[in-house]
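No value in this document is a laboratory result; all are computed from the given coordinates. Every value quoted in this text rests on a predicted model; they were computed, and no experiment measured them. Every residue, glycine among them, receives a Cβ derived from its backbone with ideal geometry; neighbour counts consider all protein chains shown.
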Amino acid sequence: MTTLVDTRPSKVMANPGHGDAFTDHMVTAHWTRADGWTVPQLGPLVNLSMHPGMIGLHYAQVVFEGLKAFVQADGSIAAFRPRDNAARFARSAARLAMPEVPASMFLSAVEEVVRADADWLLDNPQHTLYLRPLLYASEAQLMLRASNEYTFLMMAFLAGGFFGDQVDPVSVLVSRDFTRAVPGGTGNVKCAANYGPSLLAQRQAQEAGCQQVVWLDAAEHRFIEEMGGMNLFFVRGSGADARLVTPELTGTLLPGMTRNSLLTIAAREGYAVSEERITVDEWRDQCLSGAITETFACGTAAVVTPVGRVRDRDGDFMIGTGTMGAVTRRLRAALLDVQHGRTADPAGWLHPITI
Ligand SMILES: *Cc1c(COP(=O)(O)O)cnc(C)c1O
């Protein structure tokens, strides 16, 4: 894992941020209707050359994934639940009438990029490699139909560590003007077309002095679905009696791997967990009465992030004292312990990568 010439910018290494500290390599493969997939090739991360009439650019026949590789307690490296990401990637592709990337090909690409760029993790074992698989329609064709050619890329960027207790709660705006996902739409898959339209709501949240947007269901505008690109959990009660609730997967929510992992980990930690529909009125009333003591968002990028304050059309309300609660803190630590190999992994979520 040693490099003779260190190409990594030291400023980036000290504070990688989230999303632009791209590493040096990527894996590329091409698919055509006649020949299927080419053998994936590891090469340097370089600019792409594409036809301006490429279907992916015009009609958003594009899907992606997000997963991480973590430095383990023993210094080795493991990816977290890559098989599950491969399966979700395949479901996303099928929803957009795209060919699936076989799980074995997905896993090999994860391993190759991590192996090639493992030295990015040398400086700080808290840092992670965020892997970004991408599949897009690469045929030049402007008739509205599914592409006959596709490109698969696996790239990575260095993501900052998330230290101990230093996680600031976020404030959120309940979006009343926009919806993220509609029944029968694509809210339950990771297609690029879901994200561009969410940015205006995100800007509104910022203009209202909030950091993130909370999405309600499209039909009744009552049921809480997600926060930005993360799933939500609510804690009722406290201490040993705390119960966790997360919005059920109605088809308009993205089934997060972190959400799924936390449901398992919370049950293992002895908490009662349930998947239910919960309205924004219940959220407010139960925060005011003290029945809901904590709320947090979860996703691969930011792991577990507490929500401290909510802004809605008729005013603000606080969640608990507006700081990170005990249950949130405990689950966050438990998840990071599994991801970094500091505790047992009974579900076999870690995929070791030999360097
Ligand atoms: C990716 C994503 C999540 C979180 O999924 P993870 O697998 O936990 O990273 C949640 N909501 C949306 C809309 C997403 O795109």
Report summary line: Expressed to one decimal in nm², the mean projection of the alpha carbon convex hull of the stretch 36-116 is 6.6 nm²
Requested in this report: Give me the distance in nm between label points sitting 7 Å out from Cα along the Cα-to-Cβ direction at Tyr195 and His51, one decimal.
Outcome: 2.6 nm
Query raised in the report: Top mean-square fluctuation among Ala240, Ala205, Ala192, Gaussian network model of the chain, C-alpha springs under 10 Å?
Result: Ala240
Report task. Find out how many positive minus negative residues lie around Gly229, taking Lys and Arg as positive, Asp and Glu as negative, among other residues whose Cβ is under 10 Å from that of Gly229. Result -> +1
Query raised in the report: All other residues with a Cβ under 13 Å from the Cβ of Gly270 taken together, and with Lys, Arg as +1 and Asp, Glu as -1, what is their net charge?
Result: +1
**Report entry** the stretch 9-160: C-alpha pair distances exceeding 22 Å, %
**Finding:** 42 percent
**Report entry** Taking the convex hull of Cα positions in the chain, its mean projected area over all directions (nm²)
**Finding:** 18.4 nm²
Report summary line: Computed from every Cα-Cα pair in the stretch 256-355, P(r) in 5 Å bins starting at 0 and rounded to whole percents is 2, 11, 20, 21, 19, 11, 7, 5, 2, 1, 0
Requested in this report: Among Thr38, Thr186, Thr293, determine the one that fluctuates most according to a GNM of the chain built with springs between C-alpha atoms less than 10 Å apart.
Outcome: Thr38
Query raised in the report: Average projected area of the Cα convex hull of the stretch 85-218, in nm²?
Result: 11.3 nm²
**Report entry** Computed P(r) (all Cα pairs; the stretch 170-338; 10 Å bins; percent)
**Finding:** 10, 43, 37, 10, 0
Query - Over the chain: helical MRE at 222 nm, DSSP H runs n ≥ 4 each giving -39500 (n - 2.57), nearest 500 - result: -7000 deg cm²/dmol
Requested in this report: Add +1 for every Lys or Arg and -1 for every Asp or Glu among the other residues with Cβ under 11 Å from the Cβ of Ala87, and state the total.
Outcome: +1
